[in-house]
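These notes concern the structure reproduced below.
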Amino acid sequence: MNIDLSGQHAVVTGGASGLGLAVVEGYLRAGAKVSVIDLAPSANADLTALGVEYYSADVSDTARMRAVIDQCEAAAPIDILYNNAAIFDMAPLLESSEESFDRLFNINVRGMFFTLQAVAQKMVDRNASGRIINLASQAGRRGEALVSHYCASKAAVISYTQSAALALAPHGITVNAISPGVVDTPMWDSVDALFAKYENRPLGEKKTLVGTEVPLGRMGKPDDVAPLAVFLASDQARYITGQTYNVDGGNVLS
């Protein structure tokens, strides 16, 4: 499909690397103006080369995020939000800490929701339709013994996607989510190290194992996921809302 996002302004949280960066590149190729919100004080070399607008913020800081969304909207009305920022952590259930719980839910759920809310309010105030896409995960489809908080946080993303879709449908705003499986991004180095610690594995073994267990025989790549984010942002997805799409090589069948 020839998707044209010319004249559209997309905001991508956590867009400096990995899946977020791939989506940024996809939106730019489709002709959109892109603003990236990420933690670093300034844009990295990849983003500088792409020429995107960059804003430094922690998505769990609601006041700061509202100020940044105001800046993005002032630069150009926001048409698309890709809610990508997230973190991962894991521990045995009986050892899992309040600190880990708070960090995961503050970023993966609280940050996701209030960013969605702030952008949706801008769209409603302008009486404009829009596209909101949240990053879920296959972890949100099931529990895992060592990954309870992360799984629960991503299940919350799926649930909020459904509720927001219903709430915003009268305004012509669609809300969907993407549920990737195991994707080879820089985050997987830390994920693999945690599995090595808690499952007593050599470094690298878990990453190799999860790839071979995917029905299609490999881990995903960011470019396997980004095209769906481009499609869901387009007018061709105008009659799709409240859905969470698996992009996982067949790991989850639903």
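The values are calculated or read from the model by the stated rules, or taken from the named source; none is laboratory data. This one's a predicted model, so the numbers in the text were calculated from it and none came from an experiment. Backbone-built Cβ (ideal geometry, glycine too); neighbour counts: all protein chains shown.
Once the range 23-32 is narrowed to residues that are among the hydrophobic types (A, V, I, L, M, F, W, C) and more than 11 Å from the chain's Cα centre (by Cα), the residue that is surrounded by the most Cβ atoms within 10 Å (Cβ to Cβ) is VAL24. If you go through the range 79-120 and pick out every residue that is out of contact with any strand residue (DSSP E or B) (no Cβ under 7 Å at 6 or more places or on another chain), in a helix (DSSP H, G or I) and β-branched (Val, Ile, Thr), you end up with 2.
Counting only residues that are of a type in the set (Val, Ile, Thr), over 16 Å from ASN134 (Cα atoms) and in contact with a helix residue (DSSP H, G or I) (Cβ under 6 Å, 6 or more places away or on another chain), the range 200-254 holds 1 of them. Selection within the range 92-128: residues that are crowded, with 18+ Cβ neighbours inside 10 Å and of a type in the set (Gly, Ala, Ser). The member of this set that is nearest to the chain's Cα centre (by Cα) is GLY111.
Note on the range 146-200: residues that are more than 30 Å from GLN121 (Cα to Cα) and in a helix (DSSP H, G or I) amount to 14.
Exactly one residue among ALA16, ALA10 is touching a strand residue (DSSP E or B) at 6+ places or on another chain (Cβ under 9 Å) and in a loop (DSSP other than H, G, I, E, B), and that residue is ALA16. Inclusion of GLY14 among residues that are on the phi > 0 side of the Ramachandran plot, surrounded by fewer than 24 Cβ atoms within 10 Å (Cβ to Cβ) and within 17 Å of the chain's Cα centre (by Cα) is not warranted.
Among the residues of the range 1-11, how many are touching a residue at least 24 places away in the same chain (Cβ under 8 Å) and either closer than 22 Å to PHE114 by Cβ or surrounded by fewer than 18 Cβ atoms within 10 Å (Cβ to Cβ) (or both)?
Step one: filter the range 1-11 for residues touching a residue at least 24 places away in the same chain (Cβ under 8 Å), giving 1, 3-11.
Now drop any that are not either closer than 22 Å to PHE114 by Cβ or surrounded by fewer than 18 Cβ atoms within 10 Å (Cβ to Cβ) (or both), which leaves 1, 4, 6-7, 9-11.
Matching residues across the range 1-11 total 7.
Among the residues of this structure, ARG126 counts as one that is of a type in the set (Lys, Arg), closer than 30 Å to ASP70 by Cβ and assigned by TED's automatic domain parsing to the domain that holds GLU98.
In the condition set (1) out of contact with any Cys (no Cβ under 6 Å at 6 or more places or on another chain); (2) assigned by TED's automatic domain parsing to the domain that holds ALA30, GLU144 is compliant with all but (1). A Cβ distance below 6 Å, combined with a sequence gap of six or more or placement on separate chains, defines the contacts here; from the range 156-174, residues that are in the same structural domain as ILE132 (by TED's automatic domain parsing) reach residues that are assigned to a helix (DSSP H, G or I) and surrounded by fewer than 16 Cβ atoms within 10 Å (Cβ to Cβ) in the pairs HIS171/VAL124. Keeping to the range 185-197, report how many residues are of a type outside the set (S, T, N, Q) and surrounded by 16 or more Cβ atoms within 10 Å (Cβ to Cβ). The number of residues fulfilling the criteria is 6. Of the residues making up the range 51-76, those that are in contact (Cβ under 8 Å) with a residue 24 or more places away in the chain and under 11 Å from SER35 (Cα atoms) number 7. Of all the numbered requirements in (1) part of a loop (DSSP other than H, G, I, E, B); (2) within 21 Å of the chain's Cα centre (by Cα); (3) closer than 19 Å to ARG141 by Cα, ASN246 misses one, and that requirement is (1). Looking only at the range 209-254, residues that are touching a Leu at 6+ places or on another chain (Cβ under 8 Å) and of a type in the set (A, V, I, L, M, F, W, C) come to 6 in all.
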